[in-house]
Amino acid sequence: MTHTIHRSLSIQPGDFVLNILSTKGINREGSGDKIREIVRRLLPFGALSFGNPDDGCTLRDPAEDVLRKLHDGSNLHMVFGDEQKLKEAIGILREMDTGLSVVLTGPTGVTDSIIQDLGLKVDSVHFGAGILNKPPLHPDVEAVVSLCGHMRVSPRLVEQMSVRIAEGELYAAEAAAKIGRVCRCGCFNTAVAAQRLERLAKR
Amino acid sequence: MRINENCIGCQACLPYCPQGAIKSNAVHERAFIDEQWCVECGVCRDTDICPADALEESQEEMSLVKKQFGRLVASFPGGEKAGRSGGGGFDVKRNDVSRDIPPSIAALRLEINRPVGGAKLGEIEAMRLFLEKAGWKPDVGGRYRHLLEKGFTPEILDQRVLTAYFEIKLRPEELGRLIGDARAYLRKTPLWASVNIACLGETYPLFLKALAACGIETDPVAKFNLGLGRKLS
């Protein structure tokens, strides 16, 4: 799935996604318990949300419900907003040595230095090279829309929420949480969305 | 998707549709879904925004076709789950354990109308044929391949779907020509395409260099498999 690299349009400090997953026949058996333990150990490092489309995500469901549903074969997304805490979280993952694959999405300059500082060797990379014949969207609308790589966030919804913020009906964080409810996988970064919505509201 | 007689005309759902397919003639009048624009992503129903339970699934044959491309979790005729490429794609997420990605080659993916989404299958298929004629071998996902094998009817080609992709395996020196061909084609259409590239960590610098040589900037975000996965006995 390429969806987390499309948030390049929303590039902002403080936007990282960890994807932790198993492979059938290689490391899937027992992965459910491991993933649950990973969530519990990484949550203190400021995870903004976690989940996956099959088991639910904390943008829509209570964390304990999502944790309960995680099972062998569950994929896990976790969003982080702080570079230092993310680095510590990856350090924990390495120590845990679960054997599960770990994929990090983030701004390339920052992720390069995290990878180097932790002495990790990149196995493979997925990166974007722009959009050909790009459609015209306001950059802040595009930024919020692209936080959902599954294309579930409506530009009209982003515009409407920015108007409601401007009119004092909602705080930016509330509006971001409402938009975040359309996300099924847990990758939508509500903190970044709130910042962009605030900017849109001031237009 | 369709809106049933429970609708009270509150218009709460209208802005939630990423395609703008939910419409209304007036407040307090029943809203309706423009089937030409609906890509069956199901966001409207999924988000529980309707206070009257008026949004329901359509069982029309063409709706089922659209769901294969639009839904995060959908069944695929033949038993494959939507979301998998259906074979052949470079799976960066699992490569530390699967070891499928060869050196010196990348898989370039053109994801049609991403971000935002929404394009007719006929428009997408026309691009696939163009790429084939230009000498490329575009691989398509399992859902698309299934339709291709059955044969596209005019009715199917007229359906608007969320997105589809073409994946082409190539060497660094082929990059400029492929992007040039894709760009030249897209300029003459209402389509757009996100370009993304999957390769081994050791191959990454070669493709960065090839992109720079073509004057193409890479996006400032990337996805890295950190090499922590392994086979467990």
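The values are calculated or read from the model by the stated rules, or taken from the named source; none is laboratory data. All values reported here derive from a predicted model rather than from experimental measurement. We place every Cβ from the backbone using ideal geometry, glycine too, and count neighbours over all the protein chains shown. The accessibility values were calculated without ligands, DNA or RNA, using every heavy atom of the protein model including side chains. Shrake-Rupley method; radii C 1.70, N 1.55, O 1.52, S 1.80 Å.
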Worksheet item: Taking the radius of gyration and the Kirkwood hydrodynamic radius from Cα positions alone, what is the Rg/Rh ratio for segment A:120-171, to two decimal places?
Response: 1.16
Practice prompt. Count neighbours as other Cβ atoms within 10 Å of each site's Cβ, and list the GluC sites (Glu not before Pro) in segment A:122-203 that are DSSP loop with at most 15 such neighbours.
Written response: A:Glu167, A:Glu169
Worksheet, complete the sentence: Lys and Arg at +1, Asp and Glu at -1: neighbours of B:Phe69 with Cβ under 9 Å from its Cβ sum to +3
Worksheet item: Going 7 Å from the Cα of A:Lys134 toward and past its Cβ, which residues in segment A:75-119 have a backbone nitrogen under 14 Å from where you end up?
Response: none
Worksheet item: Short version: ³J(HN,Hα) in whole Hz for each residue of segment B:5-12, in order, from phi by Karplus 6.51 cos²θ - 1.76 cosθ + 1.60 (θ = phi - 60°), x for Gly and Pro, what are they?
Response: 6, 5, 4, 9, x, 6, 6, 4
Practice prompt. Could you check the simple spin-label distance between A:Arg94 and A:Asp72, using points 7 Å along Cα→Cβ, in nm with one decimal?
Written response: 3.0 nm
Discussion item. Beyond 19 Å, how much of the Cα-Cα pair distribution for segment B:126-233 remains, as a whole percent?
Written reply: 57 percent
Worksheet item: Modelled label-to-label distance, B:Met62 and B:Leu157, 7 Å Cα→beta-carbon offset: nm?
Response: 1.4 nm
Discussion item. Please compute the volume of the convex hull spanned by the alpha-carbon atoms of the protein assembly as shown and report it per residue in Å³.
Written reply: 146 Å³
Worksheet, complete the sentence: Here the whole-number average of other chain Cβ atoms within 10 Å per Cβ of A:106-115 is 3
Worksheet, complete the sentence: With a Förster distance of 25 angstrom and the Cβ-Cβ distance between A:Glu174 and A:Arg203, calculated FRET efficiency to the nearest 0.05 equals 0.85
Practice prompt. With runs of 4+ DSSP H residues as the only contributors, calculate the mean residue ellipticity of chain B at 222 nm using -39,500 (n - 2.57) per run, divided by the residue total and rounded to the nearest 500.
Written response: -7500 deg cm²/dmol
Item to complete: Could you list the trypsin sites (Lys or Arg not before Pro) in segment B:111-199 that lie in coil according to DSSP, counting only those with at most 15 other Cβ atoms within 10 Å of their Cβ?
Response: B:Arg187, B:Lys188
Worksheet item: So what is the 222 nm mean residue ellipticity for chain A from helices alone, if each DSSP H run of at least 4 adds -39500 (n - 2.57) and you divide by all residues, rounding to the nearest 500 deg cm²/dmol?
Response: -12500 deg cm²/dmol
Worksheet item: B:Lys169: which lysines have alpha carbons under 21 Å from its alpha carbon, excluding same-chain residues fewer than 8 sequence positions away?
Response: B:Lys93, B:Lys133, B:Lys137, B:Lys209, B:Lys223
Discussion item. Give me a comma-separated list of calculated 3J(HN,Hα) values for segment A:182-189, in order, Karplus coefficients 6.51, -1.76, 1.60 applied at θ = phi - 60°, integers in Hz, x for any Gly or Pro.
Written reply: 7, 6, 9, 9, x, 8, 5, 8
Worksheet item: Just in segment A:1-75: which GluC sites (Glu not before Pro) are loop by DSSP and have at most 13 other Cβ atoms within 10 Å?
Response: A:Glu29
Response to the item:
For chain A, one quarter of the surface area of the C-alpha convex hull, expressed in nm², comes to 11.6 nm²
Discussion item. Bins of 10 Å, beginning at zero and ending with the bin holding the largest distance: percent of Cα pairs per bin for chain B, please.
Written reply: 7, 28, 30, 22, 11, 3, 0
Worksheet item: If you rank B:Trp136, B:Trp37 by how much accessible surface each has, with a 1.4 Å probe, what is the order from largest down?
Response: B:Trp37, B:Trp136
Worksheet, complete the sentence: Two pseudo-spin positions, 7 Å from Cα along C-beta at B:Glu217 and at B:Ile8, lie apart in nanometres by 4.9 nm
Worksheet item: Around A:Ser101, which amide H atoms from residues at least 5 apart in sequence, or from another chain, sit under 5 Å from its own amide H, with H modelled in the peptide plane?
Response: A:Leu21
